[in-house]
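Presented below is the structure to which this report refers.
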């Protein structure tokens with residue numbers, strides 16, 4: 001079930017599609033809902049070289065008529081069938097970049113419902129991540145040994161890191177998340193069978209056997225000839 005505001009938005013998009021679709025070049029109407037409750041309409045412009053979707057055309061209309069009134073909702077309607085349709089991948093990414101909280105009206109198993117851009121594109125490309133420190137996720141059981149400096153290394157498989165700033169994040173069973181600022185000091189790829197007692201000690205383990213037991217837990221099926229990354233890191237201590 002959707003809200004009355006979204007029902008009105010769907011109605012506007014359907015009316016627009018019925019009036020302007022031509023079965024060929026202009027078939028998808030889109031309606032945007034703004035924070036103030038305004039409706040902004042658009043329609044696609046198909047061309048064999050490519051053309052803007054209805055949602056993108058509506059965005060252009062929004063930019064020229066209500067740029068200071070943020071978009072909070074979107075619906076697209078396929079005119080020839082008078083049917084609400086989900087956004088294409090490109091539109092999902094575009095609206096995600098504007099605000100991942102923007103809601104799309106889609107047809108679910110029980111009728112029309114809304115999903116945010118983030119929910120429709122769970123692994124969206126976010127350019128802001130390129131400007132932030134890389135994230136190293138750690139098991140919560142390692143937090144104490146990392147804080148004490150006993151663990152200054154992690155062995156990773158198919159989880160690449162680079163020298164530079166890092167956030168060490170502990171996602172706990174309680175739902176709490178703790179993060180520490182750090183730096184990756186070095187990354188070296190070797191075969192699992194080349195790991196040594198020194199690697200085990202830097203990883204906070206008593207011996208190599210204990211390290212291999214942990215690797216088998218984290219990476220079931222890891223073979224002796226498989227590559228592993230030895231990632232050396234240190235915490236950034238902020239003076240009080």
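The values are calculated or read from the model by the stated rules, or taken from the named source; none is laboratory data. Given the structure is predicted, the values throughout are model-derived calculations rather than measurements. Neighbour counts are summed over all protein chains in view; Cβ atoms, including those assigned to glycine, are modelled from backbone coordinates with ideal geometry.
For region 66-73, the count of residues that are surrounded by 14 or more Cβ atoms within 10 Å (Cβ to Cβ) and in contact (Cβ under 8 Å) with a residue 40 or more places away in the chain is at least one. Residue selection: residue 112 satisfies the criterion of being surrounded by 15 or more Cβ atoms within 10 Å (Cβ to Cβ), touching a residue at least 40 places away in the same chain (Cβ under 8 Å) and either assigned by TED's automatic domain parsing to the domain that holds residue 9 or under 30 Å from residue 9 (Cβ atoms) (or both). Scanning region 204-240 for residues being over 31 Å from the mean Cα position of the chain (by Cα), part of a helix (DSSP H, G or I) and in contact (Cβ under 8 Å) with a residue 40 or more places away in the chain gives a total of 1. Considering region 190-203, the residues that are touching a helix residue (DSSP H, G or I) at 6+ places or on another chain (Cβ under 6 Å) and assigned to a helix (DSSP H, G or I) include one that is farthest from residue 137 (Cα to Cα), namely 197. Just need a number here: residues in region 41-77 that are more than 18 Å from residue 117 (Cα to Cα) and in contact with a helix residue (DSSP H, G or I) (Cβ under 7 Å, 6 or more places away or on another chain). Residues that pass the stated criteria total 5. The set of residues in region 20-40 that are more than 18 Å from residue 69 (Cβ to Cβ) and out of contact with any helix residue (DSSP H, G or I) (no Cβ under 9 Å at 6 or more places or on another chain) comprises 24, 25. Can you find even one residue in region 151-160 that is in the same structural domain as residue 223 (by TED's automatic domain parsing), under 20 Å from the mean Cα position of the chain (by Cα) and surrounded by 13 or more Cβ atoms within 10 Å (Cβ to Cβ)? For region 151-160, residues in the same structural domain as residue 223 (by TED's automatic domain parsing), under 20 Å from the mean Cα position of the chain (by Cα) and surrounded by 13 or more Cβ atoms within 10 Å (Cβ to Cβ): present. If I filter region 88-95 for residues that are modelled with pLDDT under 95, surrounded by 21 or more Cβ atoms within 10 Å (Cβ to Cβ) and over 19 Å from residue 113 (Cα atoms), do I get at least one hit? Looking for residues that are modelled with pLDDT under 95, surrounded by 21 or more Cβ atoms within 10 Å (Cβ to Cβ) and over 19 Å from residue 113 (Cα atoms), one finds none in region 88-95, hence no.
Considering region 173-189, the residues that are touching a helix residue (DSSP H, G or I) at 6+ places or on another chain (Cβ under 9 Å) and surrounded by 14 or more Cβ atoms within 10 Å (Cβ to Cβ) include one that is nearest to residue 153 (Cα to Cα), namely 182.
Answer with yes or no whether residue 50 is assigned by TED's automatic domain parsing to the domain that holds residue 91, on the phi > 0 side of the Ramachandran plot and either touching a strand residue (DSSP E or B) at 6+ places or on another chain (Cβ under 7 Å) or surrounded by fewer than 16 Cβ atoms within 10 Å (Cβ to Cβ) (or both). So residue 50 fits the description; yes. For region 195-209, the set of residues classified as modelled with pLDDT of 95 or more and either loosely packed, with under 14 Cβ neighbours inside 10 Å or outside the structural domain of residue 227 (by TED's automatic domain parsing) (or both) consists of 196, 197, 198, 207, 209, listed by residue number.
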